[in-house]
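Undergrad: Have a look at this one before I ask anything.
The values are calculated or read from the model by the stated rules, or taken from the named source; none is laboratory data. Quantities reported herein were computed from a predicted structural model and do not represent experimental measurements. So basically every Cβ, Gly included, is an ideal-geometry build from the backbone, and we count neighbours across all protein chains shown. These area figures cover heavy atoms from the full protein model, side chains too; ligands, DNA and RNA do not enter into them. Shrake-Rupley method; radii C 1.70, N 1.55, O 1.52, S 1.80 Å.
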Amino acid sequence: MKKYKKQIYLFLMVSLIIVMTGFAVLFYNFRKQEILQEHLIAVTDALTQVDVLSSNLLQLESDKRGYQLTGDSAFLASFATIKKSCSRIIAALRQNSAAGTGTMELKKLDSLVQLRLANLDSGLFVFIKNGLAPAVAFMQLKNKKDTREQLSVQLAEITTGLR
């Protein structure tokens, strides 16, 4: 009988070790999946923010043109609102460090966005002071086009880096 007790005891100990090892592996994999899920959510948020920023920049140009063509001040109100949201989006991207967006990339993006916003403001000022033709000529200057191109490239690089 003692012989069987030892075998039963040994069997129970081996079973306990197998069960505990299984639970440890399951817990490790669960934790790993949870971390990956959090990272995926952060990257998705960052991609959404970059997409919204890109859409806002396009809407700014559209509102500027709408004001120039119609003179309707509703376009300027929308223009001002969207300008403020661009800064908030960049701040949100900075806070979303889990997404892996580099600080240098964000600084470059921020400076390009600020430069583009200043160019759009200047274009509106030229339109108000001198009319449509000089405003169009002003926005077609090489440095204005280069800023827009660099901004598009930077947004594409950030999007590619996040994926």
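Undergrad: On the basis of being open to solvent by less than 70 Å² (accessible area, probe 1.4 Å) and closer than 29 Å to ILE35 by Cβ, does LEU155 make the cut?
TA: On the way: open to solvent by less than 70 Å² (accessible area, probe 1.4 Å): yes; closer than 29 Å to ILE35 by Cβ: yes.
Yes; evaluated as a whole, the condition is true for this residue.
Undergrad: Next question, about the same structure. Out of the stretch 62-73, which residues are open to solvent by less than 60 Å² (accessible area, probe 1.4 Å) and either more than 20 Å from THR147 (Cβ to Cβ) or of a type in the set (Lys, Arg) (or both)?
TA: Correct list: LYS64, GLY66, TYR67, GLY71.
Undergrad: Then there is this: Quick one: which residue in GLN59, GLN150 is part of a helix (DSSP H, G or I), free of Cβ contacts under 8 Å to residues at least 24 places away in the same chain and surrounded by 15 or more Cβ atoms within 10 Å (Cβ to Cβ)? Before you say what the answer is, go through the steps one by one.
TA: Details: GLN150 fails: free of Cβ contacts under 8 Å to residues at least 24 places away in the same chain.
Only one candidate passes the filter, namely GLN59.
Undergrad: A further question follows. Identify all residues within the stretch 125-163 that are within 20 Å of the chain's Cα centre (by Cα) and under 28 Å from THR70 (Cα atoms); write none if there are none. Write out each step before concluding.
TA: If we filter the stretch 125-163 for residues that are within 20 Å of the chain's Cα centre (by Cα), which is where we start, we get 147-163.
Across the stretch 125-163, the qualifying residues are THR147, ARG148, GLU149, LEU151, SER152.
The rows are residues; the columns are (1) out of contact with any Cys (no Cβ under 9 Å at 6 or more places or on another chain); (2) surrounded by fewer than 17 Cβ atoms within 10 Å (Cβ to Cβ); (3) touching a residue at least 40 places away in the same chain (Cβ under 8 Å).
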| site | (1), (2), (3) |
| --- | --- |
| THR81 | yes, yes, no |
| CYS86 | yes, no, no |
| ALA91 | yes, yes, no |
| GLU105 | yes, yes, yes |
| LEU109 | yes, no, yes |
| ASN119 | yes, no, no |
| PRO134 | yes, yes, no |
| ALA137 | yes, yes, no |
